[in-house]
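The numbers here are math on the coordinates, done by the rules we state, and not lab data. As the structure is a prediction and not an experimental result, all values here were calculated from the model. Cβ atoms come from the backbone with ideal geometry, glycine included; neighbour counts cover every protein chain shown.
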């Protein structure tokens, strides 16, 4: 069993990548074409400013105690107890990463992956477990500080259609919109319409890092923030905890780690160019209400498409999904989409 889970997740976190220059150029073109909002110079400067002790204190204050520690065994209570002594060293270390993003030692980037069984699934299959990365608390606090800083500006970069993990937005906003559009469709039955709900396969775990950082650069993130985020993805490793027994470690080369405070925001940014491509594709026909065109509602990776003229729109959407998957590793499970 250990070897089965080890091999499954090693494959999942080491997806094959196309190293051809033409593939990189295609990725850059897609991101450049479909990134319509960027940080202002003042926003970029604020994001790149050195981390402060106040930000670290806020991060630790907003992180609940009682969580399972990472591989080093140090709990959040330890860090809260010794916070005054640790803060100066932390600030120096974290701010140094803005110039030296590969400076974190390997043990800091290691994780223990706990597997959560998916309900109503065949638990004899490795794919039917959700991996949760138990990260070291100092790394999580660093990521939390970055997430709190980024959260102030992310609504500018992500369209209101996306409500997952975006401050000030709620899932019910899209629920109400979907119900209203269903009513609109029922009143205009002369135009063929459908709602398509898609299921993404391991969406967070599959994110391509070259694609992610290309997107962040195109959105205007500066050198320090890119280096800080890059330090979290500089050769991380993980071990699977299966009934108290650990597998050998394996490297991770793709994905935003579920369990990292920064992961939801990074995922929302990574999928935004695709959602923008859907919004602007003239071959994908959405619902038009009061001079506003509705094509998609998103809650993180859960996507609901509002489709008119499906004989034209569905092939265009399928082609766009295929193109996006090629550059980002995003993959739709067609059997579970409806």
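Give the angle, between 0 and 90 degrees and rounded to the nearest 10, that separates the Cα long axis of helix 223-232 from the longest principal axis of the Cα atoms of the chain.
Long axis of 223-232 versus the principal axis of the chain: about 80 degrees.
How tilted is helix 209-218 with respect to the longest principal axis of the chain? Cα atoms for both, answer in degrees (0 to 90, nearest 10).
80
Over the Cα atoms of segment 72-202, what Rg and Dmax result, in angstrom?
22.0, 70
Using a Förster distance of 35 angstrom, determine the FRET efficiency expected from the C-beta separation of residue 92 and residue 258, and round it to 0.05.
0.75
Please give the FRET efficiency for residue 326 paired with residue 114, using the beta carbon to beta carbon distance and R0 = 30 Å, rounded to the nearest 0.05.
0.40
Among (i) 79, 44, 39; (ii) 64, 46, 39; (iii) 69, 52, 42, find the value of Cα extents along the principal axes in Å that was calculated from the structure presented, and write down its label.
Label of the calculated value: (iii).
May I ask you to sort 29, 295 by Cβ crowding, counting other Cβ atoms within 10 Å and putting the fewest first?
Ascending Cβ contact count within 10 Å gives the list 29, 295.
What spacing in nm lies between the two simple spin-label points modelled at residue 290 and residue 318, each 7 Å away from Cα in the Cβ direction?
Label-label distance for residue 290 and residue 318, simple model: 3.5 nm.
At 7 Å along the Cα-to-beta-carbon direction for both residue 223 and residue 99, put a label point, then send me their distance in nm to one decimal.
1.1
If you take the Cα atoms of segment 234-338, find Rg, then find the Kirkwood Rh from the mean of 1/r over all pairs, what is Rg/Rh?
Radius of gyration relative to Kirkwood radius: 1.10.
May I ask you to work out the translational diffusion coefficient for segment 10-125 at 10 °C, viscosity 1.306 mPa s, via Stokes-Einstein with Rh from the Kirkwood sum over Cα pairs, reported in whole µm²/s?
My calculation gives 83 µm²/s for D.
May I ask you to derive the FRET efficiency for residue 189 and residue 283 from their Cβ-Cβ distance with R0 = 22 Å, giving the value to the nearest 0.05?
The pair residue 189/residue 283 has a calculated efficiency of 0.45.
With everything on Cα atoms, drop me the angle between helix 263-280 and the longest principal axis of the chain, reported from 0 to 90° to the nearest 10.
Approximately 20 degrees, to the nearest ten.
Quick one: order 140, 80 by neighbouring beta-carbon count within 10 Å, fewest to most.
The most exposed by this proxy come first: 80, 140.
Can you give me the C-alpha center-to-center distance between segment 63-136 and segment 156-171, rounded to a whole angstrom?
That distance is 26 Å.
Mind giving me the nanometre distance, one decimal, between the label points for residue 20 and residue 125, set 7 Å out from Cα along Cα→Cβ?
Result for the modelled spin labels: 3.1 nm.
Expressed as a fraction of 2.2 N^0.38 Å, the rule-of-thumb size for a compact globular protein of N residues, what is the C-alpha radius of gyration of segment 159-298?
With N residues counted in segment 159-298, Rg over 2.2 N^0.38 Å equals 1.33.
Given only helices, namely DSSP H runs of n ≥ 4 each adding -39500 (n - 2.57), what is the per-residue ellipticity at 222 nm of the chain, to the nearest 500 deg cm²/dmol?
Only helices count here, giving -14500 deg cm²/dmol.
For the residues 124, 11, what sequence is obtained by ranking on other C-beta atoms within 10 Å, fewest first?
Ordered by Cβ neighbours within 10 Å, fewest first: 124, 11.
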